[in-house]
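Report on one structure; see the data block that follows.
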Amino acid sequence: PTQANLLEVNNIEVLYNHVILALKGVSLEVPKGGITALLGGNGAGKSTTLKAISNLIHSERGEVTKGSIIYDGENVVDMSPADLVNRGVVQVMEGRHCFEHLTVEENLLTGAYTRKEGRSEIAADLELVYEYFPRLKERRRSQAGYTSGGEQQMTAIGRALMSRPQMILLDEPSMGLAPQLVEQIFEIVSRLNREQGVTFLLAEQNTNVALRYANTGFILENGRVVMEGNAKELRENPDVKEFYLGMS
Ligand code: ATP
């Protein structure tokens with residue numbers, strides 16, 4: 001039985017600056033309600049894939065020159081990032097990108113900017129974010145730029161949640177964080193998936209942690225998918241063990 005896919009990326013190519021072919025025909029599926037990992041080393045094309053989906057690629061002089069991206073039955077190639085947010089797709093950028101001069105809470109509220117609901121709904125969503133990230137509640141009046149890397153990652157995910165997303169594209173959530181914090185972040189991702197039904201597509205260089213929390217995975221090398229499968233199979237695959245899990 002095939003599970004419904006919330007997202008289908010079909011054979012996309014991405015070109016930067018009209019010359020650099022970063023993706024050479026990438027296809028992947030993201031089942032609704034699942035956690036899908038996009039794996040691979042430095043420069044493999046993980047961020048590019050996420051940015052092609054969210055259409056943040058344009059701000060980096062990149063464009064999708066081939067293929068289609070079907071979200072919830074609709075081709076969203078070239079749809080503006082704001083329209084995608086309205087349809088429930090939101091990206092958390094690598095490196096977190098908080099507004100450093102705003103407080104943690106102000107950062108969270110910027111995530112609700114496209115919403116038409118009133119104050120009480122937004123206040124309720126803020127409480128929901130604080131329920132998942134109690135640390136952010138403690139730090140809510142701190143200037144984001146002065147909070148720790150882990151807190152900034154939490155703020156970035158919390159801000160995405162404020163748009164009531166159906167799907168979050170999460171770029172390298174483990175980057176620069178201590179192992180224990182990485183585990184904490186992934187636990188919360190997993191809870192958001194189970195309890196709030198948020199679908200995740202996450203890019204990770206940390207294959208080990210990503211495959212423990214994801215249901216399915218795709219491995220990219222040099223702009224192409226070289227392996228895919230369910231997470232358990234990938235974890236037990238000898239090539240994955242040797243090249244991505246650091247054991248043989
Ligand atoms: P990383 O973890 O280092 O971000 P990645 O798998 O996410 O790795 P991408 O950032 O998607 O890889 O990069 C894929 C390829 O596209 C690389 O060869 C990279 O040099 C190139 N690239 C990425 N961004 C740009 C850009 N803005 N302009 C030109 N080339 C780019």
**Study point:** the chain - charge dipole about Cα centre, Lys and Arg +1 at Cβ, Asp and Glu -1, debye rounded to 20
**Key:** 280
Point to revise | Ile188-Ile70 pseudo-label distance in nm [points 7 Å out on the Cα-to-Cβ vector] | key: 3.5
Revision key, fill the gap. Binned at 5 Å starting from 0, the alpha-carbon pair-distance distribution of the chain in whole percents comes out as 1, 6, 14, 18, 20, 17, 13, 8, 3, 1, 0, 0
Revision key, fill the gap. Expressed in nanometres to one decimal, the distance between label points 7 Å along Cα→Cβ at Ile20 and Val226 is 2.0
Revision key, fill the gap. Each label sits 7 Å from Cα toward the beta-carbon; between Ser120 and Ser142 the label points are separated, in nm, by 3.3
Review point. Taking the DSSP beta bridges in the range 140-248 as the whole, what percent of them are antiparallel, to the nearest 5?
Key: 55
**Study point:** Links that overshoot a 25 Å alpha carbon limit, given the list Lys46/Lys232; Lys46/Lys241; Lys66/Lys241; Lys46/Lys66; Lys24/Lys51
**Key:** Lys66/Lys241
Point to revise | Residues in the range 22-41 reached by a label modelled at Met175 [backbone nitrogen below 18 Å; 7 Å Cα→Cβ] | key: 22-23, 37-41
Practice item. Rank Ser148, Gly176, Val19 by how far each Cα sits towards the positive end of the charge dipole of the chain (+1 on Lys, Arg Cβ; -1 on Asp, Glu Cβ) and give me just the farthest. Key: Ser148
Practice item. At most 15 other Cβ atoms within 10 Å plus a DSSP loop assignment makes a site exposed; report the longest stretch of the chain without any exposed trypsin sites (Lys or Arg not before Pro). Key: 142-248
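Here, each number is a calculation from the coordinates, and none is a lab measurement. Just so we're clear, the structure is a prediction, and the values are computed from it rather than from any experiment. Glycine gets a Cβ as well: all are built from the backbone with ideal geometry, and neighbour counts include every protein chain shown.
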